[in-house]
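The values are calculated or read from the model by the stated rules, or taken from the named source; none is laboratory data. From a predicted model like this one, the values you see are computed outputs, not experimental measurements. Neighbour counts are summed over all protein chains in view; Cβ atoms, including those assigned to glycine, are modelled from backbone coordinates with ideal geometry. Note: accessible area is taken over every heavy atom of the protein model, side chains too, but ligands, DNA and RNA are not part of it. Shrake-Rupley method; radii C 1.70, N 1.55, O 1.52, S 1.80 Å.
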Amino acid sequence: MTTKTNITAYSEGTPNGLKVHIALEELGLEYKLVQIDIFKNEHKEPWFTEINPNGRIPAIIDVTADGLELKIFESGAILEYLVATYDKNHLISYPRGTKEHWETISWLMWQMGGLGPMLGQSNFFARSAVGVHQYSIDRYVNESRRLLRVLDGHLEKKGTAFLVGDRLTIADIAIWPWVSATRYSGLRAIEEFPNVSKWFWGLLERPGFQKGANIPGPNKYLATNKMTEEEMNKAAAPTVKWIAESMKRDAAA
């Protein structure tokens, strides 16, 4: 059973986009998806920057019962909005002010400020940069590995299926998509971190989680777990060209 909403999600199947898809599905919310073609730079068009001035996905628009149009961007802000507005029964959250609430927010910020940016840079230098930049690859891959060891140690200590307490939270939802890109980002397989691996594959058994993780199409990062290095580099070729062109355009702006 789904709950009708006035949410329109502007997104794609990137790690940050997947966070929003998963949260919406886990909450059972009915929404409209507008898929943004980043390779056509739709996220830079004026109509989209009216929604997110930073020109990045994801973003959402929600219309309240009294007609107020809310434009929300940055994946962490969207997750917090969805919980505050639609998770009154705390399906993926804890009551505000509780110990578990603040622990959830701590892990969410850990992902936003640490794991996401580090894996993003690892991804760029390992797959999408023009030329080989070994120092940068080592810097970001090693820091990503350190962060994943932190996550692995926390999950080992907790001994449960979730990061916080006894239920799925937006902390799990925020971190999972970036972990899915571990191998594509130049690290070895997720199985290098046994507790992370158990947590990662366990979450994917949840129907809502699995559906959200495969919107708008089959999860492209999961597919990389079965690819060779050569196959991953070939898959990344369009991204190399697109990023190089984007850098030139941004520099000229």
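The listed residues are LEU79, LEU91, and the only one of them that is closer than 21 Å to GLY208 by Cβ and open to solvent by less than 50 Å² (accessible area, probe 1.4 Å) turns out to be LEU79.
Listed by position, the helices (runs of 4 or more DSSP H) enclosed by the range 143-253 that each have at least 1 residues that are more than 30 Å from LEU29 (Cβ to Cβ) and open to solvent by 70 Å² or more (accessible area, probe 1.4 Å) are 194-203, 229-252.
Quick grid of which residues meet (1) in the same structural domain as THR104 (by the TED database); (2) in contact with a Ser or Thr (Cβ under 6 Å, 6 or more places away or on another chain); (3) hydrophobic (A, V, I, L, M, F, W, C):
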residue	(1), (2), (3)
ARG167	yes, no, no
ILE175	yes, no, yes
ALA181	yes, no, yes
TYR184	yes, yes, no
ARG188	yes, no, no
GLN210	yes, no, no
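Given the conditions (1) in contact with a helix residue (DSSP H, G or I) (Cβ under 9 Å, 6 or more places away or on another chain); (2) at negative phi, report the number of the one that LYS226 does not fulfil. For LYS226, the exception is condition (1).
Test ALA126 against the stated conditions and say whether it is outside the structural domain of GLU30 (by the TED database), within 24 Å of LEU27 (Cα to Cα) and aliphatic (A, V, I, L, M).
Here the answer is no, as ALA126 does not meet what is asked.
All conditions in (1) in contact with a helix residue (DSSP H, G or I) (Cβ under 8 Å, 6 or more places away or on another chain); (2) surrounded by fewer than 18 Cβ atoms within 10 Å (Cβ to Cβ) hold for GLY97, with the sole exception of (1).
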